[in-house]
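Here is the structure we will look at, set down as structure tokens.
Every number in this text was worked out from the coordinates using simple rules, so none of it is lab data. Small disclaimer: the values here were computed from a predicted structure and weren't measured. Here the Cβ is made from the backbone with ideal geometry for all residues, glycine too, and neighbour counts use every protein chain on show.
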Amino acid sequence: MEGVKITCKDAHRLVSEGLDRELSLLERTRLRLHLLACGACSRFNGQMDLLRQAMRRLPPE
Ligand SMILES: [Zn+2]
């Protein structure tokens, strides 16, 4: 990934990885810029946010 522009594939990967780990500032910036420009990925990210919140509500192991 060079520069700030990323593809939808990269955006999906970052959203998925964001479930497992903290994204770096650069990754978050790239993702946010992509989500602003891309409705499909923005919706995907919204669904993952719901999933993330649901997972957080589960009791730990
Ligand atoms: Zn996209």
Cβ-based charge dipole, the chain, positive-most Cα from GLN47, SER16, PRO60: GLN47
Cα-based Rg / Dmax (Å) for the chain: 12.2, 39
Cut-off 14 Å, label 7 Å out along Cα→Cβ of LEU58, residues of the stretch 1-44 by amide N: 19-20
The chain: DSSP helices with Cα axial extent of at least 24 Å and average Kyte-Doolittle hydropathy no lower than -1.0: 39-57
Helix-only CD estimate at 222 nm, as mean residue ellipticity for the chain, using -39500 (n - 2.57) per DSSP H run (n ≥ 4): -24000 deg cm²/dmol
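Explain nothing, just the number: dipole magnitude of the stretch 1-53 about its Cα centre with +1 on each Lys and Arg Cβ and -1 on each Asp and Glu Cβ, in debye rounded to the nearest 20.
Charge dipole of the stretch 1-53: 140 debye, to the nearest 20.
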Theoretical gain in end-to-end length, ARG32 to SER16 [0.36 nm per residue, Cα-Cα removed]: 4.4 nm
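List the relative contact order of the stretch 8-57 as a percent without decimals, with contacts defined as Cα pairs under 8 Å and 6+ residues apart.
43
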